[in-house]
Amino acid sequence: MNLHLKEFSIPQEILKWGDSQPAHQRQHIGTHIDCYNLSNIELPSEINVKVIDVRKLDVIDVTILENIKIEENSFVIFRTGYLEQYGYGSEEYFNSKESPYLTNEIIDKLLDLNTKLIGIDLTGIQHGKNHVAIDKYVENRKCYVVENICNLDKVPSDFKVNLKWFQLKDATAIKVEIETI
C-alpha cells in the first residue's frame, strides 16, 4: 500500500501551477519532506510507523500521546481525515484557517522521544506564519516533517514502511514515496 500521492491523484490545475514554478517549489506538491534549512536528508530506507487517529481534534496536543508507545527513531503520522474527506487540492483541504494543527508541546515531546519523521495528512503540522518556522525547528532537531500522506484509512496503527526520496539541490522540499512492507 502506498501512502504517498501519485501524479494521477494530484489535480491537473495544481500540476499546471507547479510547472510554472521553479523546480524547488514544485517539490512542495504532493507527499514530501520539508527541509527549509536545506539539510542533506539521511533516513533509513525502512522505518517503523505509528499512526495516531486525531480525526475529532482541531488542536492536537500532548495529551493524545497518553497511553501510546512511541518507538525511538520511528515515523509518527497523525490522521486528521482531511485528505480522505476533502481530497488533495480542494479548497477545504488547503484552508489552513480551519485545519487541525500540532501544538509546540506535542512536537517537543516527539522530538524528545527521538522521532525521525512527523507526518500528517494535511499541508503541514502547523499553518500560516508558523508553518515554515516549525518545519525549520523540527529539522534543527534532526527530525523532518512529511506532508500530504494518503491512504491512512487502509493501514493499521503500527507497521513498517520503505522510504524512497528524491532530493534536488537547494530545494526546500523533497518528494518522498512511502510504501508499506
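The values are calculated or read from the model by the stated rules, or taken from the named source; none is laboratory data. Worth saying up front: this structure is predicted, and the values here are computed from it rather than measured. FYI the Cβ positions are ideal-geometry reconstructions off the backbone, even for glycines, and counts take in every protein chain you see. The accessibility values were calculated without ligands, DNA or RNA, using every heavy atom of the protein model including side chains. Shrake-Rupley method; radii C 1.70, N 1.55, O 1.52, S 1.80 Å.
At 1.4 Å probe size, with every protein chain present, just tell me what the per residue accessible area of the stretch 118-171 comes to in Å².
For the stretch 118-171, the solvent-accessible area averages 46 Å² per residue.
Does the stretch 1-40 come out rounded, prolate or oblate, given a ≥ b ≥ c as the square roots of the eigenvalues of its C-alpha gyration tensor, rounded meaning a/c under 1.5 and, failing that, prolate meaning a/b above b/c?
Because a/c hits 1.5 or more and a/b fails to exceed b/c, the stretch 1-40 counts as oblate.
So in the chain, what percent of DSSP beta bridges are antiparallel if you round to the nearest 5?
Among the beta bridges of the chain, antiparallel pairing accounts for roughly 55 percent.
Can you give the FRET efficiency to the nearest 0.05 for Asn67 and Glu98, using r as the Cβ-Cβ distance and R₀ = 30 Å?
My answer for the efficiency is 0.60.
With unit charges on the beta carbon (Lys/Arg positive, Asp/Glu negative), name the residue among Phe75, Gly30, Ile47 whose Cα is farthest towards the positive pole of the charge dipole of the stretch 1-86.
Toward the positive end, the furthest listed residue is Gly30.
Calculated from DSSP H runs of 4 or more alone, at -39500 (n - 2.57) each and per residue, what is the 222 nm mean residue ellipticity of the chain, nearest 500?
Numbers: 6 runs with 41 residues, N = 181.
Rounded to the nearest 500, the figure is -5500 deg cm²/dmol.
7 Å from Cα along Cα→Cβ at both Ala23 and Glu84: what's the point-to-point distance in nm?
Between Ala23 and Glu84, the label points sit 3.7 nm apart.
Among the listed pairs Lys50/Lys97; Lys6/Lys50; Lys69/Lys169; Lys56/Lys136; Lys69/Lys154, give every one whose C-alpha distance is greater than 25 Å.
Those over the limit are Lys50/Lys97; Lys69/Lys169; Lys56/Lys136.
Under a 1.4 Å probe, what is the accessible area of the stretch 23-79 per residue, stated in Å²?
Ligands and nucleic acids excluded, the result is 51 Å² per residue.
Could you tell me whether the stretch 21-75 comes out rounded, prolate or oblate from its Cα gyration tensor? Rule is a ≥ b ≥ c as square roots of the eigenvalues, rounded for a/c under 1.5, then prolate if a/b exceeds b/c, otherwise oblate.
Oblate.
Just the accessible area for Thr103, please: 1.4 Å probe, Å², rounded to the nearest 10?
Looks like 20 Å² after rounding.
Could you tell me which label, among (1) 1.54; (2) 0.94; (3) 1.43, carries the value of Cα Rg over 2.2 N^0.38 Å calculated for this structure?
Entry (2).
From the square roots a ≥ b ≥ c of the eigenvalues of the alpha-carbon gyration tensor of the stretch 58-107, which class results: rounded (a/c under 1.5), prolate (a/b over b/c), or oblate?
Details: a/c = 2.74, a/b = 1.88, b/c = 1.46.
Here the stretch 58-107 falls in the prolate category.
Ignoring ligands, DNA and RNA, what percent of the 1.4 Å accessible area of the stretch 44-181 is carbon and sulfur? The partial results should precede the final answer.
On the way: 3070 of 6830 Å².
Result for the stretch 44-181: 45 percent of the exposed heavy-atom area is carbon or sulfur.
Please compute the length gained on full extension between Leu43 and Val59, using 0.36 nm multiplied by the number of residues separating them and subtracting their Cα-Cα distance.
2.9 nm
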